[in-house]
Structure formats: C-alpha cells, structure tokens
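Quick notes on the structure that follows.
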Amino acid sequence: MGNELLAQYCSPVLANIKPSNLFSISNTLYNVDNLVEAWNKDFNKYDIYFKVLVKRKNSSSVICFKKDLLTDCININNNNCFLESCGYNTDNADTCINCLMKRILKNEFPHEIGVILGYPYEDVIGFIENKGQNYLYKGYWKVYENIEERCKLFNLYNENRRIYALAKDNESEFIKLVEHSLS
C-alpha cells in the first residue's frame, strides 16, 4: 500500500543508504494516518519507521527513518554537537525526531534538519552560513563542498529510486529489495 510514494520518496532509506527522508503527502488523496500505520506495521521489523511530523489542511509532512542509521548519524561528533547547540536531545533517534517535530510545530524552519536527513555537516553549515546562496551544485540538497562525492551519492539515490519504482506494483519484490539491502 502506497509503494509508489515509498519508491519516490523513501527508496534511499529503504535501501539502507540514507538515515531519513522527509516528504509531503496529500491529505485529500490519501488517508495519511492509515498509510503511516500500515508502513510501520510492514517496515518496523526492518528498523524503518514512519512518523507524521505535522498535519496541515491539505497535506502532511512525514519522516521515514532507519533507526540505526539515524542514531549513527546523530552520534557523529560534529552532528551531535551541532544538534545539541540547536536544543536537540540526541540520546537516541526517537528523541531527536521528537525535538524536530516540536521545532516544526513552532512554525520555524529548522535548517539543522539537513543533519537529521543525512546531509553532510559541511553542506548544512554552508547552507546556513550562506543563507542558501553561493552553493557549488544543487541536487538532493545544496552542495558547498566535495561536488564529485555528492554527485556520486545523488546518482546512487537516483538509481535506488529507479529500482524501487520498477518494483512498486509487486509487493513481494518490493519487500525483497528492502530485505536484500539489510544483508
């Protein structure tokens, strides 16, 4: 259920190469609560979780995260210090996501979200310091350092999106892709 959304927005997380992804879902086209509940039922056993961060009139923002990868990501020294300086509790992935949700609900755009989404620390800081300008390349995020390395990563994300999109109509194939990424 909703595999087209998962393929489009969550494939790097499902493929175990990115700690999290944030995406919006139309509340008019989908019953978001039912989708999130079904996804958690299907994917929690693979350490993949879904949570509605904010519900608006027409859409909801949902975060998909691989708990162990996100925990590793927030425990990288620069990331951890940065998130704590922004007021985050970095004890574990769940508390960090809850802090993010509180920030979003205050109608602030938390630029530190980039760290939680697995963007390199240097690019998150570059974005903040440059107010989103002066970037070297724009892909899944604005790149301020290591263009070649980031482009390889973007290509990997694109390839995984393509692979998951091909399997979106076959539930067992889709799940096999997730299982294979864990081995």
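The values are calculated or read from the model by the stated rules, or taken from the named source; none is laboratory data. Worth saying up front: this structure is predicted, and the values here are computed from it rather than measured. In this analysis, Cβ positions are derived from the backbone assuming ideal geometry, glycine residues included, and neighbour counts consider all displayed protein chains. Remember, those area values only see protein heavy atoms, side chains included, never the ligands or the DNA or RNA. Shrake-Rupley method; radii C 1.70, N 1.55, O 1.52, S 1.80 Å.
Setting aside same-chain residues fewer than 8 positions from Lys66, which lysines have a Cα under 26 Å from its Cα? Filter leaves Lys18, Lys41, Lys45, Lys51, Lys55, Lys102, Lys106, Lys138, Lys142, Lys152, Lys168, Lys176. Remark: spin-label model distance Asn58-Cys86 equals 2.7 nm, labels positioned 7 Å along the Cα→Cβ axis. Segment 168-183 and segment 1-43 have Cα centres separated by 14 Å.
Between Ser183 and Leu105, the simple label model (points 7 Å from Cα in the Cβ direction) yields a spacing of 4.2 nm. Computed from phi, the 3J(HN,Hα) profile of segment 27-43 under the Karplus parametrisation 6.51, -1.76, 1.60 (θ = phi - 60°) reads 6, 8, 8, 9, 8, 4, 4, 5, 4, 4, 4, 5, 4, 4, 4, 6, 10 Hz, with x in place of Gly and Pro. Expressed as a whole percentage, what fraction of the accessible surface of segment 48-183 belongs to carbon and sulfur atoms when a 1.4 Å probe is rolled over the protein heavy atoms? Accessible surface attributable to carbon and sulfur in segment 48-183 totals 50 percent. Over the chain, the pair-distance histogram of Cα-Cα distances with 5 Å bins from zero comes to 1, 8, 16, 20, 21, 18, 11, 5, 1, 0 percent, rounded to whole numbers. For the chain, the list of Cys residues with no other Cys C-beta under 4.7 Å reads Cys73, Cys81, Cys86, Cys96, Cys99, Cys151.
For segment 1-41, backbone nitrogen atoms closer than 17 Å to the point 7 Å from Asp169 Cα along Cα-to-C-beta are found at 1-8. Scan the chain and report its longest stretch carrying no trypsin sites (Lys or Arg not before Pro) that are both in a DSSP loop and have at most 15 other Cβ atoms within 10 Å. In the chain, the maximal stretch lacking such sites is 1-55.
The angle between the Cα long axis of helix 93-105 and the longest principal axis of the Cα atoms of the chain comes to about 80 degrees, rounded to the nearest 10. Per-residue ellipticity at 222 nm from helix content only, as computed over the chain with -39500 (n - 2.57) for each DSSP H run of at least four residues, stands at -16500 deg cm²/dmol. Solvent-accessible surface of the chain, taken per residue with a 1.4 Å probe and all protein chains present: 52 Å². For the chain, relative contact order (Cα pairs under 8 Å, six or more residues apart, normalised by length) works out to 25 percent.
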